[in-house]
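**Student:** This is the structure I have questions about; it appears just below.
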Amino acid sequence: MLLEGIQADVESLQASQGVIQETLKKLDVVHIQIQSLQNVVDSRTSDEPFQTEMKQVLHEMWAEMRDITQSIQRNEQMLNQLVELADGHFLKEGEVIRYSRQQHDIDLLNELYEEGHFVGREQEIKRLTDLMPLGGYWLVTAPAGGGKSTFMAHWLRSLTQQNDICYHFFNTQQHTNDLSSFMACLCEQLLCVHGINGQVRESELTMLRSMINVTLSMAHTPSLVVIVDGLDEARDPAYPNQFAFPKDLFPKKLGEGIIVIFTVRTTDGVATAKQLSRQLNLTLEHFPLPELNDAAVQDLLKQSDNELLRIKANDLDFAKRLQEKTGGLAIYLRYLVEELAGSTDEQDLDRTVINLPDGF
């Protein structure tokens with residue numbers, strides 16, 4: 001059944017290639033019509049009304065139609081290449097992985113989204129959404145415990161269904177930190193975006209790299225978002241003590257309409273962004289995730305089941321003390337608020353906060 005499904009997907013792609021060919025034929029007809037109109041305009045004298053304007057409009061139409069045709073032809077070539085790459089490299093019936101690779105990511109995404117305590121990131125979510133039309137490669141950085149994965153999970157959930165989305169969360173505890181598994185998982189998602197479904201072989205790393213490179217070089221409409229969270233947790237068993245990502249795994253130039261977002265934990269975001277740019281051989285735009293501020297701490301206190309903490313949420317001085325003690329790190333604030341929820345009175349709260357070391 002699986003092989004039949006894959007064959008159907010390939011046939012569907014081949015059918016779409018037929019549509020592309022028909023579109024190109026129609027464009028050729030439009031080209032001829034525009035050329036005929038151009039000849040009519042050229043045959044008239046230049047002093048006739050609107051003659052100059054008409055020539056300019058025709059020139060622009062001609063250039064735009066040429067660009068559209070070239071773009072369609074490029075995508076057709078890449079689609080042909082993608083079909084050839086994918087053909088014969090899916091798992092056979094007896095090799096199918098019953099628990100989908102991406103299911104691990106789905107489980108982790110749901111866990112991050114549903115665990116609560118997500119506050120103070122409204123501006124960053126809006127900023128990142130506004131950056132999507134720019135495309136390209138972006139690097140989100142924050143210290144360990146800064147809430148990068150939770151932020152990405154909530155941002156991902158905020159995207160509309162108009163966007164195609166591929167994602168992977170490297171996580172040691174969830175056993176999703178193997179590089180070859182990531183490549184297979186991402187490759188399957190990218191192929192699915194282009195209408196090819198199936199599970200690929202992890203062992204064929206060269207083929208996986210080629211497919212990732214080709215799919216991310218193709219133009220995408222309306223947009224494709226790729227999220228790779230936790231680069232620093234990726235592991236390659238062949239090189240256990242080295243940075244796992246090989247150079248040129250991703251294309252230097254992404255296709256139109258594609259944005260790729262990496263995240264990594266760091267204490268020096270600017271230096272890390274420059275270092276990763278060299279290691280990945282890519283141009284990365286830096287998107288630092290700031291520490292949570294006093295207002296975010298107040299919002300976190302308001303979510304508590306403890307009535308006393310909900311009341312203290314209105315005490316800006318108290319919120320400021322918590323922010324200073326924890327450095328505004330999301331995970332530390334979460335643990336601290338959970339501990340403070342066990343307090344029975346205001347004096348107990350104050351004692352706990354006073355005894356906290358600076359920087360937690």
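No lab work stands behind these numbers, since they all come straight from the coordinates. These numbers come from a predicted model, not from an experiment. Cβ: placed from backbone, ideal geometry, glycine included. Neighbour counts: every protein chain shown.
**Student:** Would you please give the residues with an amide H less than 5 Å from that of Glu285, counting only those at least 5 places away or on a separate chain, with H modeled from the backbone geometry?
**Tutor:** Amide H neighbours of Glu285, under 5 Å, 5+ apart: Tyr137, Trp138, Leu139.
**Student:** Right, next: If you wrap a convex hull around the alpha carbons of the range 94-288, what volume per residue comes out, as a whole number of Å³?
**Tutor:** Once divided by residue count, the hull of the range 94-288 is 124 Å³.
**Student:** Using the Karplus curve 6.51 cos²θ - 1.76 cosθ + 1.60 with θ = phi - 60°, what ³J(HN,Hα) values do you get for each residue of the range 272-277, in whole Hz, with x for Gly and Pro?
**Tutor:** Computed from phi, the couplings for the range 272-277 are 5, 4, 5, 5, 5, 4 Hz.
**Student:** Would you kindly derive the ³J(HN,Hα) couplings of the range 215-225 from the backbone phi angles with the Karplus curve 6.51 cos²θ - 1.76 cosθ + 1.60 (θ = phi - 60°), listing them in order in whole Hz, with x for Gly and Pro?
**Tutor:** 3J(HN,Hα) across the range 215-225, in whole Hz: 5, 7, 8, 7, 5, 9, 10, x, 6, 10, 10.
**Student:** Going by amide H atoms built from the backbone, whose H comes under 5 Å of the H on Ile227, apart from near neighbours?
**Tutor:** Here the answer is Cys166, Tyr167, His168, Ile261, since their amide H atoms fall under 5 Å of that of Ile227.
**Student:** Between Val193 and Ser277, take the C-beta separation as r, use R0 = 25 Å, and let me know the FRET efficiency to the nearest 0.05.
**Tutor:** 0.45
**Student:** While we're here: Step through the table entries Lys126/Lys274; Lys126/Lys247; Lys126/Lys325; Lys252/Lys274, compare each Cα-Cα distance with 21 Å, and write down the pairs that go over it.
**Tutor:** In this structure, Lys126/Lys274; Lys126/Lys247; Lys126/Lys325 lie more than 21 Å apart at Cα.
**Student:** Please list the non-local residues whose amide H lies under 5 Å from the amide H of Asn177, H modeled 1.01 Å from N, same-chain partners needing a gap of 5 or more.
**Tutor:** For Asn177, the qualifying residues are Asn171.
**Student:** Still on this structure, please answer the following. From the backbone phi of the range 317-334, what are the Karplus-calculated ³J(HN,Hα) couplings (6.51 cos²θ - 1.76 cosθ + 1.60, θ = phi - 60°) in whole Hz, Gly and Pro given as x?
**Tutor:** 5, 5, 4, 5, 5, 5, 5, 5, 5, 9, x, x, 7, 4, 5, 5, 4, 4
**Student:** Another question, then. For the residue pair Ala144 and Glu122, what label-to-label distance in nm results when each label sits 7 Å from Cα along the Cα-to-beta-carbon direction?
**Tutor:** With each label placed 7 Å out from Cα toward Cβ, I get 3.3 nm.
**Student:** Something else now. Hey, fewest Cβ within 10 Å first, where do Lys325, Lys252 land in order?
**Tutor:** Fewest to most other Cβ atoms nearby, the residues stand as Lys252, Lys325.
**Student:** What does the extension gain come out to for Asp130 and Asp345, with contour length at 0.36 nm per residue minus their alpha carbon separation?
**Tutor:** Gain on extension, Asp130 to Asp345, equals 73.0 nm.
**Student:** Taking the Cβ-Cβ separation of Ser210 and Ala295 as r and a Förster radius of 51 Å, what is the calculated FRET efficiency to the nearest 0.05?
**Tutor:** Efficiency for this residue pair is about 0.60.
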